[in-house]
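J.: Please find one structure pasted underneath; my questions will follow.
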Amino acid sequence: MNEITYTQNGDYLIPDIELSPFEAKPLGKYGRMRRSFLKEHNPILFSDLVLSEQLFPHLWEIDETAHRRVEQLMTELLERNPAPDKQTHQMAWVQHMNSLKAQAEESVLSELVYNL
């Protein structure tokens, strides 16, 4: 085990701890939802991921997988349930596409984001 060194700051000893450098890329919608879910419903796993510096790689993976899965499900649902003509029935087309997106997201959220 590595020995921890300390720096004296006034009357306090502060451990010399550094985080490993990692790529700073933004966290998407599903990654943020996963982080919130873990923090609220599984704080032990959340703390373990934070302490092992695996939280953000885990969240990025969940986010990327969820985005790909939603796109794939949208394509499959659109093939099974074709949308009305966008030129003549704009509101019906928007309603149909929103319905398909909601179905795809519901599936992805239960499979990936809210899964322990």
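The values are calculated or read from the model by the stated rules, or taken from the named source; none is laboratory data. What you are looking at is a predicted structure, and each value in this text was computed from that prediction instead of being measured. Using ideal geometry, Cβ is built from the backbone for each residue, glycine included, and neighbour counts are taken over all protein chains shown. Only protein heavy atoms, including side chains, enter the accessible area calculation; ligands, DNA and RNA are left aside. Shrake-Rupley method; radii C 1.70, N 1.55, O 1.52, S 1.80 Å.
J.: For the ranges 4-11, 102-109, 44-51, what's the packing order if you count other beta-carbon atoms within 10 Å of each residue, average per peptide, and put the highest first?
T.: 102-109, 44-51, 4-11
J.: Taking R0 as 22 Å, what FRET efficiency do you get between residue 45 and residue 22 from their Cβ-Cβ distance, rounded to the nearest 0.05? Kindly include the intermediate steps, with their values, before the conclusion.
T.: On the way: r = 19 Å, r/R0 = 0.88.
So the FRET efficiency works out to roughly 0.70.
J.: Ignoring any ligand, DNA or RNA, what whole percent of the accessible area of the chain comes from carbon and sulfur when the probe is 1.4 angstrom?
T.: Reported share for carbon and sulfur atoms: 54 percent.
J.: Here's another thing I want to ask about it. From the phi angles alone, apply the Karplus equation (6.51, -1.76, 1.60; θ = phi - 60°) to the range 104-109 and give each ³J(HN,Hα) in whole Hz, x where the residue is Gly or Pro.
T.: Couplings: 5, 5, 4, 5, 5, 4 Hz.
J.: Using 1/(1 + (r/R0)^6) with R0 = 25 angstrom and r between the beta carbons of residue 99 and residue 68, what's the FRET efficiency to the nearest 0.05?
T.: With a Förster radius of 25 Å, E is 0.75.
J.: Sticking to Cα atoms, compute the Rg of the range 46-96 to one decimal and its Dmax as the biggest Cα-Cα distance, whole number, in Å.
T.: Considering the range 46-96 through its Cα atoms, Rg and Dmax are 18.3, 55 Å.
J.: A follow-up question, please. Would you mind putting 14-23, 75-84, 52-61 in packing order, based on average other-beta-carbon counts within 10 Å, highest first?
T.: Going by the mean number of other Cβ atoms within 10 Å, highest first, we get 52-61, 75-84, 14-23.
J.: For the chain, what's the radius of gyration and Dmax over Cα atoms, in angstrom?
T.: Looking at the chain, its Cα Rg and Dmax stand at 21.7, 75 Å.
J.: Step through the residues of the range 47-54 one at a time and calculate ³J(HN,Hα) from phi using the Karplus curve (6.51 cos²θ - 1.76 cosθ + 1.60, θ = phi - 60°), rounding each to whole Hz and writing x for Gly and Pro.
T.: After applying 6.51 cos²θ - 1.76 cosθ + 1.60, I find 5, 4, 5, 5, 5, 8, 6, 10 Hz.
J.: Using a Förster distance of 30 Å, how high is the FRET efficiency between residue 12 and residue 61, based on the Cβ-Cβ distance and rounded to 0.05? All intermediate terms of the calculation are to be shown ahead of the outcome.
T.: Values: r = 38 Å, r/R0 = 1.27.
Efficiency, rounded to the nearest 0.05: 0.20.
J.: A follow-up question, please. Calculate one ³J(HN,Hα) per residue across the range 71-77 by plugging θ = phi - 60° into the Karplus curve 6.51 cos²θ - 1.76 cosθ + 1.60, and present them in order as whole Hz with x for glycine and proline.
T.: 4, 5, 5, 4, 5, 5, 5
J.: Under 8 Å for C-alpha pairs, at least 6 residues apart: give me the relative contact order for the chain, rounded to a whole percent.
T.: For the chain, the relative contact order is 25 percent.
J.: Using heavy-atom solvent-accessible surface (probe 1.4 Å) with all chains present, what is the largest-first order of 25, 39?
T.: 39, 25
J.: Run the count for the chain, please: Lys pairs, Cα-Cα under 21 angstrom, 8 or more apart or on different chains. Could you put the intermediate results ahead of the total?
T.: Numbers: 25/39; 29/39; 29/101; 86/101.
Lysine pairs meeting both conditions in the chain amount to 4.
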